[in-house]
Amino acid sequence: MSKIYRRTAKGDEEIEKRTYKLDHFHRFVLIMINGKKNADAIISSSSEQWHPKQCISDLEHSGFIENIDNIPNVKIKSRVGNLQQDLIATIQKHLPDNNTKVINKILNAKNTRKKLSDAIDSACIFIKLTISEDISKNLKIELHKILDSSTEV
């Protein structure tokens with residue numbers, strides 16, 4: 001199971017609020033899911049009595065986690081222009097995990113230079129506050145270069 005999983009909004013809600021009352025085996029495995037470790041690493045670092053392989057399967061089928069290979073980046077391409085595709089691809093390169101909120105800022109911006117610039121700035125502030133100042137700084141520079149060199153908007 002070399003698949004890499006990340007928690008869905010439902011999984012995050014369970015971690016934060018225990019809304020769905022998962023048993024402690026499933027909850028422990030859910031906590032270990034972070035969008036970086038593959039399933040094999042999670043299974044090998046879990047006790048066999050927890051049945052981690054079954055827990056991962058149960059969590060996926062119940063919508064608490066998703067295989068990151070199944071996240072439909074292709075659908076993004078059909079909804080946006082080349083400039084937004086370039087911006088999104090750059091975001092995915094710098095933030096391979098937990099990039100949904102940042103990508104949504106670009107997707108929800110009107111396709112004007114000013115609105116996309118504002119969305120880039122807002123996304124980078126979010127990254128600075130939640131992830132890393134260095135990543136934010138580098139990403140902001142790269143995204144603005146793409147925007148400035150584009151003739152699309």
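Classify the range 5-70: rounded, prolate or oblate, from the alpha-carbon gyration tensor (a ≥ b ≥ c, eigenvalue square roots; a/c under 1.5 rounded; otherwise prolate if a/b is larger than b/c)?
On the way: a/c = 1.71, a/b = 1.13, b/c = 1.51.
Judged from the Cα gyration tensor, the range 5-70 comes out oblate (a/c at least 1.5, b/c at or above a/b).
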Subject >> For the chain, projected area of the alpha-carbon convex hull averaged over all directions, nm² >> reply: 9.9 nm²
**OP:** Could you work out the local net charge near K37, counting Lys and Arg as +1, Asp and Glu as -1, over the other residues with Cβ closer than 13 Å to its Cβ?
**Re:** +2
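Rule-based calculations on the coordinates, nothing more; no lab input. Every value quoted in this text rests on a predicted model; they were computed, and no experiment measured them. Because the Cβ atoms are built from the backbone with ideal geometry, glycine has one as well, and the counts that use them run over all protein chains shown.
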